[in-house]
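Q: Quick one: structure below, then a few questions.
The values are calculated or read from the model by the stated rules, or taken from the named source; none is laboratory data. Quick caveat: nothing in here was measured; it's all calculated off a predicted structure. Neighbour counts run over all protein chains shown; Cβ positions are idealised from the backbone, glycine included. Just so you know, the surface numbers come from the protein's heavy atoms only, side chains and all, with ligands and any DNA or RNA stripped out. Shrake-Rupley method; radii C 1.70, N 1.55, O 1.52, S 1.80 Å.
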Amino acid sequence: MDNHSSVPWASAASVTCLSLDAKCHSSNCSSKSTASSISASPETQTMRHIAHTQRCLSRLTSLVALLLIVLPMMFSPAHSCGPGRGLGRHRARNLYPLVLKQTIPNLSEYTNSASGPLEGVIRRDSPKFKDLVPNYNRDILFRDEEGTGADRLMSKRCKEKLNVLAYSVMNEWPGIRLLVTESWDEDYHHGQESLHYEGRAVTIATSDRDQSKYGMLARLAVEAGFDWVSYVSRRHIYCSVKSDSSISSHVHGCFTPESTALLESGVRKPLGELSIGDRVLSMTANGQAVYSEVILFMDRNLEQMQNFVQLHTDGGAVLTVTPAHLVSVWQPESQKLTFVFADRIEEKNQVLVRDVETGELRPQRVVKVGSVRSKGVVAPLTREGTIVVNSVAASCYAVINSQSLAHWGLAPMRLLSTLEAWLPAKEQLHSSPKAVSSAQQQNGIHWYANALYKVKDYVLPQSWRHD
C-alpha cells in the first residue's frame, strides 16, 4: 500500500545528497569570485541548488541500482541451465531421461503453453521464406537426404535452441555430435498439420545412432529451451518451438494502449494516455484493491505490432496482455494468491476481477484463452507493483515468475521517485515551459528495465524465466 507518511530513510538520503551538493559546489566554484556569487538573485541560486540536488539524487540512485544488480552476482552463483551460460561454478544437476512416448510439457503441441498454433505452410515462394535462416553449425550433422539444404533451414528461435542443444550433446557425450534428420520440409513428408512446414520443428538423434542415449537427448532438448519435446520413437526425438513472431519483439510484458485503468477520480483512462503521477487502481499483496501512483513506464511504444494473449472470464472481463506478463491467479484449494505467466493460464483458472458494486477484487473463472495481434505496447509501473487493467488484476512485471523478486528489483526506481517527491520547490521545475511529460517523450524500453532484462540470463535459473 502506498505510504504517504514521513519516511526516515528518504530524509537521510536527502541529507546525503545535500552534503554531496555542497562538496560539488565547493570544488566547482572555488575559482569564481565572491562578487559573482553575490550578484546572482536568490531565485537563481535556489534553482541552481535544486538542479544540483537532482543530479546528486540521480547519481545516488544509479549507485544503488548498480549494487542491487551486482550483489546477486557476487554472492549467488548463477544456476546455469544451459551450456556456456551463467557466472561462477556450474551446479551439479540431476537430469532424468524421458521415457518412450513422453512429452514435455504434457500438453497438445499447438497450445499457447507449448509451441503455439500453426501459422501456415512456408514454401520457397512464400513471403515468410525469407524469415527462415540456415544453420551452418559445425557441431551439428545434417542428413539432408534431398540434397537441397532444406534441413539446414529453420526459424531463428529453432536455430538458437538447436545450437544450445548441440553444445550440451558434446558435453554429455564427448566425441558425439547432434544429428538433425529433418528440419524445414518442403516435400510434405509429414502429416497435414506439422510445424516442419514452418521451420519450427526438428527431428534429432545422436551421430552414433545409439538409441540408449535418446531418452537423455530428449531431456537435454528440454533443458536447451525447446517449447515442446517428444520422445516420439525409438529412432529419433521430435522438438518444436514457438513462432518467431510470437516472441521476437517482446519477451517482456505489456498491455495494449486501448486497455483501460481506473483512476482514483473514478474515470477510466486508456493506458496509452496515462501519465506519470496518475493514481490508478492496483492490488496489495493480499489481494485488496488500492490506488497507487504510476512512477514510470517500463515500456511504451504506440506503433509496434505485437502478439497478445486474451483472457476471457465468465463475468465478461477481457484482459489483453503479452505472453510473458504475470497475471494474478487465485488458488481456491490453498486459498492463496499467485502470479502466473499469461500464456500459461488455462481455462477454469480463476483471476481477480473488480466487482462493480462493491469495488472489491473477486475471483472469476477463465472461460476462454485466445490470442490476438494488435498495435502498441504500454507497461506502466505503479508504486504497488500491480495494476488493474480492464477490471482484471495483473502484475506490472514480466519475464520472471516471482512477483516479490521483480518488485525488489525495481526498488531503486521507487527510491528515486520518493526522493524526487521530497525535493524542495519541485513544482517550480515542473512549471517550466520546457517541462514535458516523460511518458509522452518515451518511445521504447526504460533504460533500467532494459538493464534488468539483460542481466536476468546470468543471475536467474532458466526455470524462473519465461523462455
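Q: Among the numbered criteria (1) open to solvent by 40 Å² or more (accessible area, probe 1.4 Å); (2) in contact with a Ser or Thr (Cβ under 7 Å, 6 or more places away or on another chain), which single criterion is violated by Asn286?
A: Just one mismatch for Asn286, condition (2).
Q: Looking at the structure I just gave you, is Ala205 buried (at least 24 other Cβ atoms within 10 Å of the Cβ) and of a type outside the set (Phe, Trp, Tyr)?
A: no
Q: Pick from Trp173, Trp184: which is open to solvent by 30 Å² or more (accessible area, probe 1.4 Å), among the hydrophobic types (A, V, I, L, M, F, W, C) and out of contact with any Cys (no Cβ under 7 Å at 6 or more places or on another chain)?
A: That would be Trp173, the only listed residue that is open to solvent by 30 Å² or more (accessible area, probe 1.4 Å), among the hydrophobic types (A, V, I, L, M, F, W, C) and out of contact with any Cys (no Cβ under 7 Å at 6 or more places or on another chain).
Q: Identify the residue in segment 333-371 that is part of a loop (DSSP other than H, G, I, E, B) and aliphatic (A, V, I, L, M) and, among all such residues, is most open to solvent (accessible area, probe 1.4 Å).
A: The selected residue is Val356.
Q: When you go through Ser391, Ser395, Ser374 one by one, which is the residue that is surrounded by 15 or more Cβ atoms within 10 Å (Cβ to Cβ), modelled with pLDDT of 95 or more and touching a Phe, Trp or Tyr at 6+ places or on another chain (Cβ under 7 Å)?
A: Matching residue, one of Ser391, Ser395, Ser374: Ser395.
Q: Mind telling me which of the residues Ser463, Ser438, Ser402 ends up being at pLDDT below 90, over 22 Å from Asp343 (Cα atoms) and surrounded by fewer than 21 Cβ atoms within 10 Å (Cβ to Cβ)?
A: Selected residue: Ser438, the only one of Ser463, Ser438, Ser402 that is at pLDDT below 90, over 22 Å from Asp343 (Cα atoms) and surrounded by fewer than 21 Cβ atoms within 10 Å (Cβ to Cβ).
Q: Ala289 fails exactly one of the following numbered conditions: (1) of a type in the set (Gly, Ala, Ser); (2) under 28 Å from Lys161 (Cα atoms); (3) not assigned by the TED database to the domain that holds Ile122. What is the number of that condition?
A: The number of the failed condition is (2).
Q: Still on this model: Condition first: surrounded by fewer than 18 Cβ atoms within 10 Å (Cβ to Cβ) and at pLDDT below 95. Now tell me which residues in segment 243-263 satisfy that.
A: Ser245, Ser248, Ser249, Val251
Q: Could you look through segment 326-366, keep only residues that are over 25 Å from the mean Cα position of the chain (by Cα) and β-branched (Val, Ile, Thr), and pick out the one that is farthest from Gly253 (Cα to Cα)?
A: Thr358
Q: Only one of these conditions is not met by Tyr238: (1) open to solvent by 20 Å² or more (accessible area, probe 1.4 Å); (2) of a type in the set (Ser, Thr, Tyr); (3) closer than 18 Å to Asn137 by Cα. Which number is it?
A: So the condition that Tyr238 fails would be (3).
Q: Enumerate the pairs (first residue in segment 301-319 and farther than 21 Å from Glu119 by Cα and in contact (Cβ under 8 Å) with a residue 24 or more places away in the chain; second residue anywhere and open to solvent by 40 Å² or more (accessible area, probe 1.4 Å) and charged (D, E, K, R)) with beta-carbon separation below 6 Å, excluding pairs fewer than 6 apart on the same chain, so at least 6 apart or on different chains.
A: That search, which allows pairs on different chains as well, returns His312/Lys368; Asp314/Arg365.
Q: Also, quick follow-up: Identify the single condition in (1) modelled with pLDDT of 95 or more; (2) outside the structural domain of Leu337 (by the TED database) that Ser282 does not satisfy, given that it satisfies every other one.
A: Failed condition: (2).
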